[in-house]
Each structure stands twice: as C-alpha cells, then as structure tokens.
Amino acid sequence: MKYIETLHEGDRISEIYLCKSKVSAKTKMGKSYYSLVLQDKTGTLDGKIWELGNAIHHFDALNYIQVDGDVTSFQGALQMNIRRVRVAQPGEYNAADYLPVSPFPVEDMYRKLMGFVKSIENEKLRALAESFFGEAAFARRFQTHSAAKSVHHSFVGGLLQHTLRVTELCNYYCSAYPILNRDLLITGALCHDIGKLEELAPFPANDYTDDGQLLGHIVIGYEMVREHIRKIPEFPERTASELGHLILSHHGELEYGSPKKPALIEAVALHFADNTDAKLETMCELLEGAGDSGEEWLGYQRLLETNVRKTSRS
C-alpha cells in the first residue's frame, strides 16, 4: 500500500483509501464535480473528481474506496485528480491501515490507568472510578476513542493516552504539593474527559454528535458522573460537589468552555495538567508532522496562539 505521507507529485495511484468527506460542488462554468478528503493512518489528502462519468461508481463519505488517479500539486499542497472510483469490498482492506493510532500500546496504557484507579484510598471515589473503568463495555470504548476531532490526540487511543498523561501529572503534583487531596484529584483526572465518549462519534467518523454540538463533553461528563454517583450508597454530597466542580472547571476559563473557573486547589491542578498535556501534544504532533523539512517556522497555531518554530540543534 502507498501511504499518503509517501506520495509525491507525479505519482500514478491505484489504492484503497478511507473517504473522510465528500462534497458535491460546481466549477465557475457550472460543471459538477466532487471534492474529497482521503485518509489513511499517515494523514489526509485532498481529492478531486472532475469527470463524473461511468468510471465513478456511487460511494458515500466514510466508505473505503478504490481510487485510480494522479497526484498533482495545487497552491503548494498535494492533491489527487481521480479518474476511477468504486467502493472497496470487505477483505480488500484492513481498517487499521486507515486510522491514526496512538504510538503507545493501548493495553499497557489501560493497565497503568487501572493502577491509578486501584490506588484511590477513599472507598466511595474508588467505587465511582471502578464503575466506569472497571466495566468491560466502557473500557472497550475508552481504549479506542479519540480525545478530539482535530488539534491534539485525534487518533485511536487518544482519549486514553491523554487521560493517562493528565493523571500522571496530577499524581506528580500530589507528591510535590502534599496539600492536595490526592483521591479527589486522581478521580477528577480519570473522569475529566469521559464526556468525550458521547461528544465525538467513534472512528472512522470521529466527528461531533448532536449532543457534542449542543452540550459539549464537560456538561455530558458531569452528568455521567452524577448518574454513577447516585448508584453508590451514601456517597457524600460534599465530595460529589467537589468532584463535579473539578470536571466543570477543568478548561480553566469561561471563554474556553468551562461553566465555572477553578475554585479548589485540586481544580487548579487538574486544569494545569489538562492544559499542559494538550499543548505539549499539539507541539509534538506539529513537529513530528514537519519531519526533516527545511522549514523552521511552522506557522500560526490557534491552540497556542503563536507562530511555532523548531528548536535549533547544535
């Protein structure tokens, strides 16, 4: 298989790719054409079907499609001019070749995450964490889900990788700042993004659901936690409120989607851990994507609110 990251201008391609999106449009002369985004685990590529003839069989977005075409360059970016398309049949492709995946083994990450669950000493908070992460169906979804549509951790295992990193950072904070309530903070770290299971559709779509658009993962996650708390006998209401506050405030600022700003020291710690991992992972993905290209300045990044440059190497 010729992966997208290996393509060059002038390549003639006959391969199967995931059709990430499909848009019908018209040229300035009124001629209909299709604009596609093709995807495999190494990246995406714009595709254009200018001639909608008999060689273009019917297909939809999120189908795996066999495409024949030529790789060209337009405004400095590669795209494929597609001559033939058909829907690929089961057995002709391996879905793992088309979805970006965490570089870390999912099983190892989940085992570490469960180690944090078991380390919670407060029996009510531990029971709450186990009611999520110890449940088989939840575990399967959590291990394969993305943490974002784009920007950072937008890959299979992204939600697990992000949650583990945030929990590890919070665990470190607890050793550096003993005033922190470790059980509360670790539970908050484990649960802070569980709403993303409902905010984003699973792969290959990895797009916002209706509830994701209307409510967002913070509110969804808060409601999920409150629902589980109601099933735990004699769960302290004060603890429930404090944990709820951690989830509601973990984005740190009202303009970033948090209904509340952090008012507890544990909420401040969780916000910093979440923000640290999000921004460092954004940088990692950006720098890794740039590879060994001669470009030093990599452009403006919205999440970081700055132009980004590679570090010089002596």
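The values are calculated or read from the model by the stated rules, or taken from the named source; none is laboratory data. Model, not experiment: these values are computed from the prediction. As a convention, Cβ positions derive from the backbone with ideal geometry for all residues, glycine included, and neighbour counts pool all protein chains shown. Accessible surface areas use protein heavy atoms only, side chains included; no ligands, DNA or RNA. Shrake-Rupley method; radii C 1.70, N 1.55, O 1.52, S 1.80 Å.
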- Item | Using alpha-carbon coordinates, inclination of helix 237-248 to the longest axis of the chain, degrees | 30 degrees
- Message: Quick check: the angle from helix 158-176's long axis to the longest principal axis of the chain, C-alpha only, nearest 10 degrees?
- Response: 30 degrees
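Does the stretch 121-227 classify as rounded, prolate or oblate by the C-alpha gyration tensor (a ≥ b ≥ c root eigenvalues; a/c under 1.5 gives rounded; else a/b over b/c gives prolate, otherwise oblate)?
Numbers: a/c = 1.94, a/b = 1.61, b/c = 1.20.
Prolate shape, in that a/c is at least 1.5 and a/b is the bigger ratio.
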- Query: Can you list the lysines whose alpha carbon is less than 23 Å from that of LYS26, not counting same-chain residues fewer than 8 positions off?
  - Reply: LYS48
- Calculating Rg and Dmax of the Cα atoms in Å from this structure picks out, from (1) 22.5, 70; (2) 21.2, 81; (3) 21.7, 75, entry (1)
- Task: Could you list which residues have their amide H under 5 Å from that of LYS20, counting only those 5 or more apart in sequence or on another chain, with H placed in the peptide plane?
- Result: VAL37, LEU38, GLN39, LEU62
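For the chain, which longest stretch is free of loop sites, where a loop site is one of the trypsin sites (Lys or Arg not before Pro) that DSSP puts outside H, G, I, E and B and that has at most 10 other Cβ atoms within 10 Å? Each step should come with its number before you reach the end.
Values: sites that count: LYS28, ARG230, LYS231, ARG302, ARG313.
The longest uninterrupted stretch comes out as 29-229.
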- Please grab the % of Cα pairs in the stretch 60-131 that end up more than 14 Å from each other. 76 percent
- Mind checking the angle between helix 106-119 and the chain's longest principal axis? C-alpha axes, 0 to 90 degrees, to the nearest 10. 10 degrees
- Task: Would you work out if the stretch 103-183 is rounded, prolate or oblate? Take a ≥ b ≥ c from the square roots of the eigenvalues of the alpha-carbon gyration tensor; rounded if a/c is under 1.5, else prolate when a/b is larger than b/c, oblate otherwise.
- Result: oblate
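Quick one: which of LYS279/LYS310; LYS118/LYS261; LYS124/LYS231; LYS124/LYS196; LYS2/LYS31 span more than 20 angstrom between C-alpha atoms?
Violating the 20 Å Cα-Cα cut-off are LYS118/LYS261; LYS124/LYS196; LYS2/LYS31.
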- Report the net charge of residues surrounding SER150, where surrounding means a beta-carbon distance below 11 angstrom and charges are Lys +1, Arg +1, Asp -1, Glu -1. 0
- Message: Can you list residues from other chains, or at least 5 along the same chain, whose modelled amide H is less than 5 Å from the amide H of ILE56?
- Response: VAL85
- Could you list the GluC sites (Glu not before Pro) in the stretch 260-314 that lie in coil according to DSSP, counting only those with at most 12 other Cβ atoms within 10 Å of their Cβ? GLU295, GLU296, GLU305
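Kindly sort SER35, SER175 by accessible area of their heavy atoms, largest first, with the probe set to 1.4 Å. Before the final figure, lay out each step's value.
Details: SER35 30, SER175 85 Å².
These residues rank, largest area first, as SER175, SER35.
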- Helix-only CD estimate at 222 nm, as mean residue ellipticity for the chain, using -39500 (n - 2.57) per DSSP H run (n ≥ 4): -12000 deg cm²/dmol
- Item | Nonlocal amide H pairs with LEU200, under 5 Å, H built at 1.01 Å | THR209
